[in-house]
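Written below as structure tokens is the structure these notes are about.
The values are calculated or read from the model by the stated rules, or taken from the named source; none is laboratory data. Here the structure is a predicted model, which means the values were calculated and not measured. Cβ placement follows ideal geometry from the backbone for every residue including glycine, while neighbour counts extend to all protein chains displayed. What goes into the accessible areas is simple: the full protein's heavy atoms, side chains included, and nothing from ligands, DNA or RNA. Shrake-Rupley method; radii C 1.70, N 1.55, O 1.52, S 1.80 Å.
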Amino acid sequence: MEEMPLNTSVGSLATNSGLQVNMTPQEFNNLRYSFLDQTDMQNLFNINDKTGDLQTKIQIDREHVCDVVDSCVLKFDIAIHSNVPAMFKIYSVQITLLDKNDHSPKFPSDIVNLQVLESSPIGTSVTIDDATDLDSSPKYSVQSYEIVPSNSIFRLDSTPKVDGGFWLNLVLLQKLDRETLDNYQLQIVAKDGGFPPNVGTATVNVEVTDDNDNSPVFVQDVYNISIAEGTASNTAILAISATDKDVGDNGKVTYSFSSRQNGLDSITSLFSINETTGFLSVIGNIIYEAGKVFKIYVEASDHGTSPKSSQATVHINIMDTGNNQPIIRINFISLGSNDVMNISESSNIATLVASLNVEDPDTGANGNVSCSLSGDFLYLQPISNKKGYLIMIKKKFDREKQDYHNILVTCQDQGSPVKSTTKVFHVRVLDDNDCTPEFLLANYFASMDENNLKGTPITKVSAKDDDLSPNNDVQYFLDSDAEGRFAINSVSGVITANTVFDREQALNYKFTILSVDSGNPPLTGTASVILTIKDVNDNAPYFDDVPFFQFFVKENADTKNAIDKLTAHDKDEDGTRNSDITFSLDPRFSDANLPFIVYPQGNIYTNMKLDRERQSSYQFTVIAKDQGTPQLSASMDVKVYVSDDNDNRPNITFPTKQNNTVKIPYSVEVGTMITQVKAVDLDETGPNSQLSYRIKSGNEQDVFMIGSTTGKIYLKRTYEITSDKMFPLNIVVNDNGKIKLNSSETLRIVLLFANMTTAAQDSGSGNRNIIISIVVIALTVVISAAMIAIILILRYKDKQDKQQSQKPLTYPQITPHEKLMANGLSKDMDMQLKKKKEVSFSIDEDLDNMELYNTSSTTTSCFNDFEKQHEKYKINKKGIHVELPEQKAHHNFDNISELSDEATNSDSGHGSSDVDITNQSNGAQSDKFASKSVRLQPVLSAKCQSPIRADDVLTIVTNNGHRNSFDNSHRSLILDGRKKSGSGAKSKDNWVPSYV
């Protein structure tokens, strides 16, 4: 890089030579380095002969070394040599000198003076020489131009040249009027390509040259005068005046008689007009002719290329005279000479400026003289008892409107004929500081980029003062509301920035400028400058203060389904590319196969159908990028959650086509849970996955019912069979979605017919119910007596148990003879029965610790009568394992309702295919079990003490004192317990079952 400090390291010749690869460290350290020849490179670089380090010797100026080229490469040869080992090698070195933006653009001249004719049409262009930048790198050359102020009546057009320069043309945007403003001052700013750019400025003074666009204008359109006959030749009788607003020849006025008037020859023989001053004089012999009035057309023409002219009319009345003319003498009080009187424009009305003396040797009417003045600014005030007047100011003079006045004094007597005399004097109006400087505009509008450099030109202001110098010498100042943010050149009126502006802090600034003239006292004019700060892309987009965007989309929605729209903000100016935000997917996710499209406007759409069960949420990152230069961006995570649609049917896992049969003895109790239909729904937890169960067909005999929410199937009523009976139930499982989906399977329930004895008993159960109802009254009396006996027996039993609890006990081992199907035990239960050789009991809640008392006094075999009554169970004496499901017994079968094509009530849930044994509420059983459920555990070995008959009555005494009695006639499990330890113990294994 050029302009680097002295001794800046350029590189290492030792390292770059590569000699160290084939040398020992000692040999490599013996190498010496030097320039091969005496070259100019030795003025730029130094070589350390021992280390081979190449360093700068001076601050290198790239433009001085390489002139203006795109690539600056310095080439020279160096020698690497050594005595041990002996060697000498030559290497070529190339150093590329990089350019630095160390030069600012410069115009050929800092001040450019141009002339533009005021009649130039809009679009007229004037060529200006472009600026040059000594930096040789193209990127640091001049890149752009701008004009200050930007709201000028000129525009700057810049067109690139082939050689890298620009054609600059100043283009006229509005019509010019030199008479309104004859000079414009502009600044052309050139910027190079650095960051920040260097700038160069040229001041352009545009002089509006005059065009002959104004005609002369007479002070009066009509003049009326009277002169006496015999007026001497060369006597001036009238001062005619016309002015032209143009300048130079275009404003120079010449007076003449119109060539198109009648009697021109007669007029020119008697009168003449001074073509320069406009004085009308007598040159001939004026003879009175009664009633004759000369009418003369005077023409004023300018000296433009195409002269413009105007006319005035002069009426001259010739008066008959026979006496002497008055003599006029004027004495100026204010300064003056040669018939020119100086009057300050600040002079007040009625100020005395001169005296007028009139002499007439005649007497009587011929000597009675009266005088008058031409114009509106002065008047004559007679002097008492004297033939004279005081010349007073009648109307204030205004130099800025007319700075020179021709005054004609006419004095005439009252003789017959009347004699008159005229005399002309001139009034020069002196300037007074009575004009306040006025800015050309009341409000100046300007603009500039934010992040500017201090000293950057903003605009140029200009004020005019119609006074003369030094009263019109104007200086420019800033008022206090500028607050130090700006500076102004007091002479040129160029306003520059005195601070760095940030558009995001303030968009506009308004401050007051002052124009102060040099009069005494000075007068001040004011105007306002309204500065607009233009936006630069210095703010990156930002998102709302949230950790991430969260959107929801429904699965199975159509492709290109609108999810939502991203929003982001940018503090840069609204409506510009700097704040125009586009959105895109982070490139890191371009290969993620996301099912979404992020459109530039921020809309997110799906590009495929979504499946929540395959993927329930997605996370990716989006980028918000503005369109400014350079582009700025921000990122935000987006989480899209796929909401559930009811697109999955319930999947029935039991029954299936491979496993769809359940077999139970037909004699199981009414209300027994036979099995449970199992199903799952992959939809999201909620209505779409809430399942309900019903029996569609196969239950025409109303034998079964199903829990609508549990899927548990219960025996609803006793069904008499003489052989095995199979019921093919068509089970339908519905979900609870808005559009319900369902699945169905066939469950085959087989009622097994055990043997004739059991069948006979079951067939007689209906008759037994009738007999029971008849015998109930009789039994009531018997039961009452029995209750008293039971109480006495129980107390006796308690004492006996306490005595026997001290003795060691032995019990027979009881196991099933074959698979136990009672109460719908499943195959799994059967396997547990084969594995366990104990009897397991458990009692929930306050039944955990209980005592069982058998009211029978029979001491025969434990299973004789039981096997007779229940031959279909085929119970052997090796052992048994029984686990009863924990379930509360309620009067309405645990709120079980039937679900089939013939019933509408339902329940819900998932269950198992194990057989449930519940306490029924019908018959005498409801008051025996109350509302408690019984689960019997733990597993213990037991021996029988006494046989169990079908009519045995058993009493269960719990720790809280409750007693429950039931008999064996309802196929209930009959227990007799004996405490291992004293009464009242809390342990679950503090009792021993005696028999089943």
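Just a few scattered comments:
- Within the stretch 318-331, considering residues that are open to solvent by less than 60 Å² (accessible area, probe 1.4 Å) and assigned to a strand (DSSP E or B), the one modelled with the lowest pLDDT: Met319
- Residue match in the stretch 150-161 (condition: free of Cβ contacts under 8 Å to residues at least 40 places away in the same chain, part of a loop (DSSP other than H, G, I, E, B) and open to solvent by less than 50 Å² (accessible area, probe 1.4 Å)): yes
- In the stretch 615-648, of all residues being open to solvent by 30 Å² or more (accessible area, probe 1.4 Å) and among the aromatic types (Phe, Trp, Tyr), the one that is nearest to Phe753 (Cα to Cα) corresponds to Tyr641.
- Residue selected from the stretch 436-478 under the condition polar (S, T, N, Q) and outside any loop (DSSP other than H, G, I, E, B), by the criterion nearest to Asp535 (Cα to Cα): Ser447
- Residue count for the stretch 531-548, restricted to those that are within 15 Å of Ser150 (Cβ to Cβ) and either aliphatic (A, V, I, L, M) or loosely packed, with under 11 Cβ neighbours inside 10 Å (or both): 2
- Each residue in the stretch 491-526 was checked for being closer than 19 Å to Asp449 by Cβ and either in contact with a Pro (Cβ under 7 Å, 6 or more places away or on another chain) or open to solvent by 10 Å² or more (accessible area, probe 1.4 Å) (or both), and 14 pass.
- Of the strands (runs of 3 or more DSSP E) lying entirely inside the stretch 177-232, those containing at least 1 residues that are of a type in the set (Gly, Ala, Ser), open to solvent by less than 40 Å² (accessible area, probe 1.4 Å) and modelled with pLDDT under 90 are 222-228.
- Take the conditions (1) among the polar types (S, T, N, Q); (2) part of a helix (DSSP H, G or I); (3) without any contact (Cβ under 8 Å) to a residue 40 or more places away in the chain; Asn250 misses just one of them, which is (3).
- Matching residues, the stretch 557-585, being farther than 24 Å from Asp637 by Cα and open to solvent by less than 70 Å² (accessible area, probe 1.4 Å): Glu573, Thr576
- Any hit, the stretch 674-684, residues being part of a loop (DSSP other than H, G, I, E, B), farther than 16 Å from Lys712 by Cα, open to solvent by 50 Å² or more (accessible area, probe 1.4 Å) and not assigned by the TED database to the domain that holds Met726: no
- The residues on offer are Asn651, Asn659, and the sole one that is open to solvent by 50 Å² or more (accessible area, probe 1.4 Å), within 30 Å of Lys740 (Cβ to Cβ) and touching a residue at least 60 places away in the same chain (Cβ under 8 Å) is Asn651.
- Residue check, Lys308 farther than 17 Å from Ser420 by Cβ and in contact with a His (Cβ under 6 Å, 6 or more places away or on another chain): no
- Scan of the stretch 411-470 for residues that are without any contact (Cβ under 8 Å) to a residue 60 or more places away in the chain and small (Gly, Ala, Ser), ordered by number: Gly455, Ser469
- Of the strands (runs of 3 or more DSSP E) contained entirely in the stretch 479-580, those carrying at least 1 residues that are outside the structural domain of Val598 (by the TED database) and in contact with a helix residue (DSSP H, G or I) (Cβ under 7 Å, 6 or more places away or on another chain) fall at 508-516.
- Any pair with Cβ under 6 angstrom, 6 or more apart, that starts in the stretch 519-533 at a residue that is within 15 Å of Leu440 (Cβ to Cβ) and ends at one that is of a type outside the set (D, E, K, R) and part of a loop (DSSP other than H, G, I, E, B): Gly525/Thr436; Gly525/Pro437; Ala527/Ala442
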